[in-house]
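Asker: Okay, here's the structure, questions in a sec.
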Amino acid sequence: MTMAADDSRMPLAIRVIKESGRLELDWADGQITGVTHSALRKHCRCGECVARRRVHGDISVVAGIRVVEVTPYGANAVRLTFSDGHGRGIYPFAWLQYLSTQP
Ligand SMILES: [Zn+2]
């Protein structure tokens, strides 16, 4: 993955850790942050999930959900596919950085 010189929000690396169900991100400043796969699924911002959240207030996430695929999407985002078959969510790097720094 190449990094634009002026974009500090692009991770140097993204690791999917299936055992712990975490996504780890390496940043240019040496920091490593992580976010759980279930949190990523819960915060999916695709049209379908946004609509579902509006109706039900929350997204129900199956236990033990995992990210099964990370696909580059444009220069500043990835598309994540989950083990429940959902693969419409686009996650801008800035959004991943935000989620992974939440307690
Ligand atoms: Zn979604």
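Asker: Being over 14 Å from the mean Cα position of the chain (by Cα) and more than 16 Å from the ligand (Cβ to nearest atom) is the filter; apply it to the stretch 19-59 and report the residue that is surrounded by the most Cβ atoms within 10 Å (Cβ to Cβ).
Answerer: Trp27
Asker: All but one of (1) at pLDDT 95 or above; (2) touching a helix residue (DSSP H, G or I) at 6+ places or on another chain (Cβ under 6 Å) hold for Thr36; state the number of the condition that does not hold.
Answerer: Evaluating Thr36 over (1) at pLDDT 95 or above; (2) touching a helix residue (DSSP H, G or I) at 6+ places or on another chain (Cβ under 6 Å) leaves (2) as the failure.
Asker: Here is a follow-up. Output the residues belonging to the stretch 66-103 that are among the hydroxyl-bearing types (Ser, Thr, Tyr) and over 13 Å from the mean Cα position of the chain (by Cα).
Answerer: Scanning the stretch 66-103 gives a single hit, Ser83.
Asker: Next up: Could you give me the residue pairs with C-beta distances under 6 Å whose first residue belongs to the stretch 1-17 and is at pLDDT below 80, whose second residue is assigned to a loop (DSSP other than H, G, I, E, B) wherever it lies, and which are 6+ apart or on separate chains?
Answerer: Met3/Met10; Ser8/Ala28
Asker: Ala63 - would you say it is more than 16 Å from the ligand (Cβ to nearest atom) and more than 11 Å from the chain's Cα centre (by Cα)?
Answerer: Criteria met by Ala63.
Asker: Give the residues of the stretch 89-103 that are surrounded by 19 or more Cβ atoms within 10 Å (Cβ to Cβ) and closer than 13 Å to Tyr73 by Cα, sorted by residue number.
Answerer: Gly89, Tyr91, Phe93
Asker: Separate question: Give Ile90, Ile65, Ile59 a once-over and let me know the one that is more than 16 Å from Ile14 (Cα to Cα) and in contact with a Phe, Trp or Tyr (Cβ under 6 Å, 6 or more places away or on another chain).
Answerer: Ile65
The values are calculated or read from the model by the stated rules, or taken from the named source; none is laboratory data. Predicted model, so just to flag it, every value in this text is computed and none were measured. Please note: Cβ atoms are built from the backbone with ideal geometry, for glycine as well, and neighbour counts cover all protein chains shown.
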